[in-house]
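The values are calculated or read from the model by the stated rules, or taken from the named source; none is laboratory data. From a predicted model like this one, the values you see are computed outputs, not experimental measurements. All Cβ positions, even for glycine, are placed from backbone atoms using ideal geometry, and neighbour counts span all protein chains on display.
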Amino acid sequence: MTDHQTQFEAFLNQHDDPAWAKIVAELQPAIHPVDQKATRIWFAFFPVKLNRALRESADPEATAKKLILKGKYTLADQVDSSAEFLYGHRYWPQVKAAVAEQATSGAPTPLGMQIREVARKVAAKVNAGESLLVGVTAVAFGTLQQVGLELFKQPAKSGRYGSQWKKSADQIVADRAKDDSQGLFGMLRSINKSFSVTYREYEPGHSFKLINLQDVTMAGRQYDHDYHAEDERCMPKEGPIPVECRAASCGTCWVGVLSDTSKISPPNSRETDRWRYFGYEGFTGQADSPIRLACQLKASGNVSVVIPPWNGLIGKLDEKEKAASAKG
């Protein structure tokens, strides 16, 4: 690794989660609506504080056990797949190469400006709208920060990279606003209206039905499939969303919401209190938070969610930081 590469990684490492939240917020108007929430969700799923805690630990396995981490919580193991729920992931190989090149050229300028510059270059190269590249480019810089340039610059492994998406970005946004037809007498139905919960939007066939105002985890139980074989966190016959309780006590069922939050119940006091306890990042406490606990999430329309690859109790990291600040 050259001195310049070391300098760039040091520059990236100056950015903690609040810094990234600010950058992503500033970039929102430049990101296509299809990926605006998805970008926020990615940075919530892969917080810098967790990466640093594991990287700086003398015993990462012991730290993971202390934080009760389950699932795939190491970004280094999923460099080329962590952002597959972003529409812009179809351009990942090109974005990844461009970001790696950016890391070895020129003095660091404000990170938001670098993200826009790389997105603009890649957009011209792949003949796509710049707004489709901004979100995934931000994710690429965030990935580079956490995994290091040596691993990041390795060629993207062969994959589908968005080939599953069969519709345009605008069509996907429009579909998120639609609800399932309730039939000829749908206007007269209320309690027994049914809607769809999509949990892997980029692949057809990954959805289940939900009765009006039913919570998402309970609705998932109705789907007859062995999800435990695909994700060890999923209990047999409990559906695709990992869940260990239904009272916002375990935090296992946290999800990212891609669709309109007006179709779901707002965060209740129980949920917001537990968010502080779990320590998950992601604009929690806001009425339109894209990060929610599925067991507290009641839907009154079609919903599209993203299931994070891990769960745990990283709120303990916040407690450590507060204790250190108090001593200082």
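For the range 34-50, enumerate the residues that are of a type outside the set (A, V, I, L, M, F, W, C) and under 15 Å from the mean Cα position of the chain (by Cα). So that I can check it myself, show each step before the final result.
First, pick out the residues of the range 34-50 that are of a type outside the set (A, V, I, L, M, F, W, C): 35-37, 39-40, 47, 49.
Across the range 34-50, the qualifying residues are ASP35, GLN36, LYS37, THR39, ARG40, PRO47.
When you look at SER259, is it modelled with pLDDT of 90 or more, hydroxyl-bearing (Ser, Thr, Tyr), part of a loop (DSSP other than H, G, I, E, B) and within 15 Å of the chain's Cα centre (by Cα), yes or no?
On the way: modelled with pLDDT of 90 or more: yes; hydroxyl-bearing (Ser, Thr, Tyr): yes; part of a loop (DSSP other than H, G, I, E, B): yes; within 15 Å of the chain's Cα centre (by Cα): yes.
Yes; evaluated as a whole, the condition is true for this residue.
Name the residues in the range 36-72 that are touching a Pro at 6+ places or on another chain (Cβ under 7 Å) and assigned to a loop (DSSP other than H, G, I, E, B), would you? Can you show your working first?
As a first pass, look at the range 36-72 and keep what is touching a Pro at 6+ places or on another chain (Cβ under 7 Å): 37, 40-41, 45, 54, 71-72.
Within the range 36-72, LYS72 is the sole residue that qualifies.
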Would the range 16-23 turn up any residue that is buried (at least 17 other Cβ atoms within 10 Å of the Cβ), out of contact with any strand residue (DSSP E or B) (no Cβ under 7 Å at 6 or more places or on another chain), assigned to a helix (DSSP H, G or I) and modelled with pLDDT of 95 or more? yes
Is there any pair linking a residue in the range 258-272 that is in contact (Cβ under 8 Å) with a residue 60 or more places away in the chain to one that is charged (D, E, K, R), with Cβ under 6 Å and at least six apart or on different chains, and which? LEU258/LYS37; SER259/ARG176
From the set of residues in the range 73-126 that are among the small types (Gly, Ala, Ser), outside any helix (DSSP H, G or I) and surrounded by fewer than 16 Cβ atoms within 10 Å (Cβ to Cβ), which is modelled with the highest pLDDT? SER105
I'd like to know if the range 296-305 contains one or more residues that are closer than 28 Å to SER194 by Cβ, modelled with pLDDT of 90 or more and part of a helix (DSSP H, G or I). yes
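Residues are listed down the side, and each one gets a yes or a no for (1) in a loop (DSSP other than H, G, I, E, B); (2) surrounded by fewer than 17 Cβ atoms within 10 Å (Cβ to Cβ):
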residue: ASP170; (1), (2): no, yes
residue: ASP180; (1), (2): yes, yes
residue: MET218; (1), (2): no, no
residue: LYS237; (1), (2): yes, yes
residue: VAL243; (1), (2): yes, no
residue: THR252; (1), (2): yes, no
